[in-house]
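Here you go, one structure.
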Amino acid sequence: MRRFAFCIVALLVVSNFMGCQQEGKVQPTMATKDSDDFYQKLVNKGVEYYRAYNVDSFADCNKRIHQYLIRNKGRKDEKYLQLKAHWLKAEGVYYTALLGRPDSGIVYTDSAIRLMERLRMDPELCVITMLNKGNFYSQTGQFDLSADAYLRAMAVADSFETSEDSRIAINLGISTVYTYMGDFTSSGKWWAKSKALLPKMKKPDQFIYYNNVGNDYYLQDKYREALPYFEKAASLVKDDPDKTWDYYTARTNIAEILINLKEAKKAKPILQEVDSFFRKVDFGILLYYIRTSEIELATLEGRHSDATQMVRDSKTPAGMIPAAVVMRLKAEEQAWRKAGNMREAYEAHRQYHQLNDSIQSQNLKMQMNARMMEYEHDKRLLEQQQRIERSEMNELLAWALFVAALLAAVLLLVLYQWHRRRGRMKELELRQQLIETRLGNARNRLSPHFIYNALNHEMLSQMEGRQVDFNALTQLLRRGLAMADTLKTSLQDELAFVDYYATIEGQQIGDDFRYSKEIDEGIDISQVSLPAMTIQIFVENAIKHGLRPMKPENGEMRQLTIHVSRQGQATLVEVTDNGQGLKNGPTSQAQTGMKVVRQTIQMLNERNQEKIDFGVNNLTEEGKRGCRSWILLPDHFDYHVGK
């Protein structure tokens, strides 16, 4: 069985990979007749007919598609050319699998591949068509060209990462090709790769694997190694009614192996079984193989006259596969030799060696050619890989240059921004120094003003014989000098300073002066910060320009109140009095104090997202008079001006 099993397997592979269209019922009436869509659906329908072995319907589909292509011969659009590519592929299968003319099938398939590659059609479909080409070359005995077709299919499959099924078919095909070329080193390598894919194979592919590995061992005369593979192949399809042909093919191989193992009793019933089946289907090629095995069996059992009679009765038909003829000549030589007819034995021996040497010589040529093709294929792959690597390196180099240029631009931008920021920082520092100097001058002018006023009040009180509070005066002088050089202070220290100031001023105003503080519960004034002397300026303006000029009437008290409360995420400090208010506008002295407050807050607000807010206005509540000065202090305000 040196060639037959392979030929059957080749047809099976073509059947499995006839097309990549979706299976299922097709309704041609859904598209307008005599349109591209209609005939594309007819292509799919033809695939269904082929899979169902409905030869006449399959041939009719191809014929109708061909007639449509002829009617539209002048068209060059992509849709028309794609339909033509599908028809060429199907026509290649028709000529090879159904008419037994693989040479014609190769011509059609080659045209289909060129057209598919030009149109850049679905890579999966291209791989299937290349697989068909490899199968067709195998059936013509051109195994070197078959191997090349499979290698090209594998290159496409690797490039486009096609389905697992197509990769399995490629590995099975190329493994089988090397087996029947007699290149068992290469076939062993490829069968090992196919074995790795065995868990992913469907049952038909598993059958091909086990049957053809058995053939590989058989052709190496390793009969005991071959037997379990044929047995496994037969067991896979034994109970499948659609695989009866495959089952009896594997059984025929088993019978041949058993004869070579000298196990005539086991081989005889199997030969009778397969002979009965293939006589029913009238398949002459396989019946020729079976008759060869029967000659070998008769010789093995010592029935020499039966063996020689079968030789006389069973002539070799013209066009028989050469490997099958070699097997027959070898069996005839043994039969004539055992029967003592040396002349006939010599003639069979001569013809056997002549034909076998021719086959071996042809196989060696194909092996050398296949090796050269595989070398060229590997060379092309290597060159392609090198081109890809060079392209990737060039791309990486381009990216590296781009990144370097980008980094250089970023660096220049950073240096520019740094230089610009540095200039702005210097400008800001100079501005802040100028503001601080101006504020310091203003505050230094303001602080002695307070101190001199306080001294004048105390001296006047002493001259008038009133009691003098030197402790309050001392504290006022000490804190006033300290605050003159301080930008920020706590509300606690600020109010303590105001207490001393209000005490001294209150003594001068008289007994009708009342000073009070209201701090809402939960406020820790030691943790609240504000610009130094702000509240003191509010209080001074309230006393000097609101309360002192006002003459008491009917025992009315002159009142000064400081109220501290929370407002959202800020602290509100309010200074209110019931004096005469801002009837005539603030005096120059009041303007001086408020100017200090305004400049200080403006400078600090420039460095903060949350702003300090303040204001001075007359009381607007009905029945009340006086003035209200206030400042709103955010909780997270930054008083550092040297940023």
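Restricted to region 499-515, and to residues that are of a type in the set (Asp, Glu) and in contact (Cβ under 8 Å) with a residue 24 or more places away in the chain, which residue is nearest to Asp638 (Cα to Cα)? Talk me through it step by step, then tell me what you get.
So the first thing to find is which residues in region 499-515 are of a type in the set (Asp, Glu), and the list is 499, 505, 511-512.
With the extra rule that they be in contact (Cβ under 8 Å) with a residue 24 or more places away in the chain, the set shrinks to 505, 512.
Working: Glu505: 33, Asp512: 41 Å.
So the residue we want is Glu505.
Now, a different point. Within region 485-521, can you find the residues that are over 18 Å from Asn541 (Cα atoms) and either among the hydrophobic types (A, V, I, L, M, F, W, C) or buried (at least 21 other Cβ atoms within 10 Å of the Cβ) (or both)?
Of everything in region 485-521, those that are over 18 Å from Asn541 (Cα atoms) and either among the hydrophobic types (A, V, I, L, M, F, W, C) or buried (at least 21 other Cβ atoms within 10 Å of the Cβ) (or both) turn out to be Leu487, Thr489, Leu491, Ile519.
Which of the residues that make up region 111-143 are within 13 Å of Ala85 (Cβ to Cβ), open to solvent by 40 Å² or more (accessible area, probe 1.4 Å) and in a helix (DSSP H, G or I)?
Hits for region 111-143 are Arg114, Glu117, Arg118.
In addition: Here are the criteria: (1) free of Cβ contacts under 8 Å to residues at least 40 places away in the same chain; (2) aliphatic (A, V, I, L, M); (3) open to solvent by less than 30 Å² (accessible area, probe 1.4 Å). Tell me which single one Ala147 does not satisfy.
Against the list (1) free of Cβ contacts under 8 Å to residues at least 40 places away in the same chain; (2) aliphatic (A, V, I, L, M); (3) open to solvent by less than 30 Å² (accessible area, probe 1.4 Å), Ala147 comes up short only on (1).
What is the residue count in region 611-631 for residues that are in a loop (DSSP other than H, G, I, E, B), farther than 10 Å from Thr576 by Cβ and open to solvent by 60 Å² or more (accessible area, probe 1.4 Å)?
Adding up the residues that qualify gives 6.
Under 6 Å by Cβ, and 6 or more places apart or on different chains, what pairs join a residue from region 516-545 that is within 22 Å of Thr486 (Cβ to Cβ) with one that is of a type in the set (D, E, K, R)?
Matching pairs, first to second residue: Ser529/Lys488; Ile535/Glu494.
Can you tell me which residue within region 221-237, out of those that are in contact with a helix residue (DSSP H, G or I) (Cβ under 6 Å, 6 or more places away or on another chain) and open to solvent by 50 Å² or more (accessible area, probe 1.4 Å), is farthest from Arg251 (Cα to Cα)?
So the first thing to find is which residues in region 221-237 are in contact with a helix residue (DSSP H, G or I) (Cβ under 6 Å, 6 or more places away or on another chain), and the list is 223, 225-227, 229-230, 232-234, 236-237.
Right, trim to open to solvent by 50 Å² or more (accessible area, probe 1.4 Å) and you get 225, 229, 232.
Numbers: Glu225: 16, Tyr229: 11, Lys232: 10 Å.
Among residues in region 221-237 that are in contact with a helix residue (DSSP H, G or I) (Cβ under 6 Å, 6 or more places away or on another chain) and open to solvent by 50 Å² or more (accessible area, probe 1.4 Å), the one farthest from Arg251 (Cα to Cα) is Glu225.
A further question follows. Would you be able to tell me the number of residues in region 52-107 that are over 18 Å from Cys126 (Cα atoms) and acidic (Asp, Glu)?
4
Does Asn369 fit the bill of being touching a residue at least 40 places away in the same chain (Cβ under 8 Å) and farther than 28 Å from Leu286 by Cβ? Steps first, answer last, please.
Details: touching a residue at least 40 places away in the same chain (Cβ under 8 Å): yes; farther than 28 Å from Leu286 by Cβ: yes.
When the stated conditions are applied, Asn369 passes them.
Moving on. Taking the condition at pLDDT 90 or above, within 23 Å of Thr140 (Cβ to Cβ) and out of contact with any Gly (no Cβ under 9 Å at 6 or more places or on another chain), does Leu329 pass?
yes
Sort through Asp77, Asp34, Asp56 and tell me the only one that's of a type in the set (Asp, Glu) and either closer than 30 Å to Pro241 by Cβ or surrounded by 20 or more Cβ atoms within 10 Å (Cβ to Cβ) (or both). Can you show your working first?
Working: Asp77 fails: either closer than 30 Å to Pro241 by Cβ or surrounded by 20 or more Cβ atoms within 10 Å (Cβ to Cβ) (or both); Asp34 fails: either closer than 30 Å to Pro241 by Cβ or surrounded by 20 or more Cβ atoms within 10 Å (Cβ to Cβ) (or both).
Matching residue, one of Asp77, Asp34, Asp56: Asp56.
Quick test of your reading of the structure: Ala323 fulfils all but one of (1) in a helix (DSSP H, G or I); (2) at pLDDT 90 or above. Name the failing condition by number.
Of (1) in a helix (DSSP H, G or I); (2) at pLDDT 90 or above, only one is false for Ala323: (2).
Here's another thing I want to ask about it. Six or more apart or on different chains, Cβ under 7 Å: which pairs go from a residue in region 86-97 that's touching a residue at least 60 places away in the same chain (Cβ under 8 Å) and under 17 Å from Leu42 (Cα atoms) to one that's open to solvent by less than 20 Å² (accessible area, probe 1.4 Å) and outside any helix (DSSP H, G or I)? Could you list them?
Val93/Met18
Just checking, does region 412-426 include any residue being open to solvent by 80 Å² or more (accessible area, probe 1.4 Å) and closer than 30 Å to Ser159 by Cβ?
For region 412-426, residues open to solvent by 80 Å² or more (accessible area, probe 1.4 Å) and closer than 30 Å to Ser159 by Cβ: absent.
Now for a different question. If we scan region 314-332, do we find a residue that is without any contact (Cβ under 8 Å) to a residue 60 or more places away in the chain, over 25 Å from Ile359 (Cβ atoms), of a type outside the set (Asp, Glu) and open to solvent by 40 Å² or more (accessible area, probe 1.4 Å)?
Within region 314-332, none of the residues are without any contact (Cβ under 8 Å) to a residue 60 or more places away in the chain, over 25 Å from Ile359 (Cβ atoms), of a type outside the set (Asp, Glu) and open to solvent by 40 Å² or more (accessible area, probe 1.4 Å).
While we're here: Taking the condition touching a strand residue (DSSP E or B) at 6+ places or on another chain (Cβ under 8 Å) and either open to solvent by 10 Å² or more (accessible area, probe 1.4 Å) or not in a loop (DSSP other than H, G, I, E, B) (or both), does Gly593 pass?
The answer is no for Gly593.
Taking the options Ala196, Ala157, Ala192, name whichever one is surrounded by 18 or more Cβ atoms within 10 Å (Cβ to Cβ) and either more than 24 Å from Glu91 (Cα to Cα) or not charged (D, E, K, R) (or both).
One residue alone meets the criteria, Ala157.
Does region 154-169 hold any residues that are in contact with a helix residue (DSSP H, G or I) (Cβ under 6 Å, 6 or more places away or on another chain) and not in a loop (DSSP other than H, G, I, E, B), and which are they?
Hits for region 154-169 are Met154, Val156, Ala157, Phe160, Glu164, Ser166, Arg167, Ile168, Ala169.
One line per residue, one yes/no per condition, for (1) of a type in the set (Gly, Ala, Ser); (2) at pLDDT 90 or above; (3) under 27 Å from Asp165 (Cα atoms):
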{"site": "Tyr49", "(1), (2), (3)": "no, no, yes"}
{"site": "Tyr53", "(1), (2), (3)": "no, no, yes"}
{"site": "Asp56", "(1), (2), (3)": "no, no, no"}
{"site": "Lys63", "(1), (2), (3)": "no, yes, no"}
{"site": "Tyr80", "(1), (2), (3)": "no, yes, no"}
{"site": "Trp87", "(1), (2), (3)": "no, yes, yes"}
{"site": "Ser104", "(1), (2), (3)": "yes, yes, yes"}
{"site": "Tyr108", "(1), (2), (3)": "no, yes, yes"}
{"site": "Met116", "(1), (2), (3)": "no, yes, yes"}
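Now for a different question. I'm checking my understanding of the structure. Among residues of region 248-293 that are aromatic (Phe, Trp, Tyr) and either touching a Cys at 6+ places or on another chain (Cβ under 6 Å) or under 18 Å from Tyr218 (Cα atoms) (or both), which one is surrounded by the most Cβ atoms within 10 Å (Cβ to Cβ)?
So the residue we want is Tyr289.
A further question follows. Kindly provide the set of residues from region 526-542 that are of a type in the set (A, V, I, L, M), open to solvent by less than 10 Å² (accessible area, probe 1.4 Å) and either more than 28 Å from Ile509 (Cα to Cα) or not in a helix (DSSP H, G or I) (or both), ordered by number.
Those that are of a type in the set (A, V, I, L, M), open to solvent by less than 10 Å² (accessible area, probe 1.4 Å) and either more than 28 Å from Ile509 (Cα to Cα) or not in a helix (DSSP H, G or I) (or both): Leu530, Ala532, Met533.
The values are calculated or read from the model by the stated rules, or taken from the named source; none is laboratory data. Everything numeric in this text was worked out from a predicted model, so none of it was measured. When we count neighbours, we look across all protein chains shown, and the Cβ atoms used for this are built from the backbone with ideal geometry, even at glycine. To get the accessible areas, we keep the full protein, side chains included, count just its heavy atoms, and leave off ligands, DNA and RNA. Shrake-Rupley method; radii C 1.70, N 1.55, O 1.52, S 1.80 Å.
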